[in-house]
Amino acid sequence: MRADVRNALVAATVLAAFALAGTALVTTAEHSTRARIADNERQALLESLALIVDPARYDNDPLADTIQLADVRLGDGPITVFRARRADEPVAAVFAVTAPDGYAGPIRILVAVNVDGTVSGVRVIAHRETPGLGDPIDASRSDWIHTFAGRSLGDPPRARWTVRKDGGAFDQFTGATITPRTVVHAVRRALEFFEENQEALFATSN
């Protein structure tokens with residue numbers, strides 16, 4: 001074999017080896033990164049759930065005890081409901097709802113409803129609302145989101161589940177009405193869905 005041909009083959013082999021090694025490294029890194037992201041998302045979700053349903057109240061794994069459902073009141077497409085139980089008895093349902101009508105886009109919200117129909121807690125987990133105006137819906141920015149705890153469709157009366165500007169019972173923000181109105185309405189719709197479908201929500205156990 002001529003030296004130049006042999007050298008070309010050696011060079012091609014080396015390049016191919018580097019390419020394979022590079023591809024393997026990228027694939028490994030991608031899988032590792034994806035796993036870390038999934039773990040981080042799971043941990044963040046667990047922490048959010050713990051903030052709105054006291055972990056001492058349930059003995060199952062709500063992240064494993066879920067159902068998927070679709071209802072336009074809860075957002076576009078299927079949404080996840082996490083179910084908290086103690087000794088197999090229902091404790092609370094946590095709706096991962098999306099309010100599509102936020103001022104700056106959809107608002108993702110966790111709404112925890114106790115088995116008696118009262119709100120256990122609410123947290124906004126993703127939004128793009130205007131800083132300084134709409135972002136008081138975030139628990140890290142204000143206590144406003146805590147005002148839902150303990151409320152129900154009868155407290156306040158259903159017709160008053162909106163902001164004060166609309167004759168409701170919930171405060172709006174200075175210079176921002178759309179954002180809090182959107183969240184209040186999303187919580188009310190989750191309560192309405194729970195009231196209508198409570199038995200079905202807890203009918204099966206994973």
Give the accessible surface of segment 38-81 per residue, rounded to a whole number of Å², with probe radius 1.4 Å and ligands, DNA and RNA excluded.
-> 57 Å²
Compute the signed sum of charges (Lys and Arg +1, Asp and Glu -1) over the other residues within less than 12 Å, Cβ to Cβ, of residue 131.
-> -1
Taking segment 71-206, the whole-percent share of alpha-carbon pairs separated by over 20 angstrom is 42 percent
Assigning unit charges at the beta carbon (Lys, Arg +1; Asp, Glu -1) and nothing else, what dipole magnitude in debye, to the nearest 20, does segment 141-206 show about its Cα centre?
-> 340 debye
Pseudo-spin-label distance residue 195 to residue 44, built 7 Å along Cα→Cβ, given in nm, is 3.3 nm
Roughly how many Å² is the accessible area per residue of segment 86-206, as a whole number, for a 1.4 Å probe?
-> 46 Å²
Quick one: how many Å² of residue 108 are accessible to a 1.4 Å probe, rounded to 10?
-> 120 Å²
At a probe radius of 1.4 Å, what is the per-residue accessible area of residue 49, in Å² to the nearest 10?
-> 10 Å²
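The values are calculated or read from the model by the stated rules, or taken from the named source; none is laboratory data. Just so we're clear, the structure is a prediction, and the values are computed from it rather than from any experiment. For neighbour counting, all protein chains shown are included, and Cβ atoms are generated from backbone atoms with ideal geometry for every residue, glycine included. Heavy atoms of the whole protein, side chains included, go into the accessibility calculation; ligands, DNA and RNA do not. Shrake-Rupley method; radii C 1.70, N 1.55, O 1.52, S 1.80 Å.
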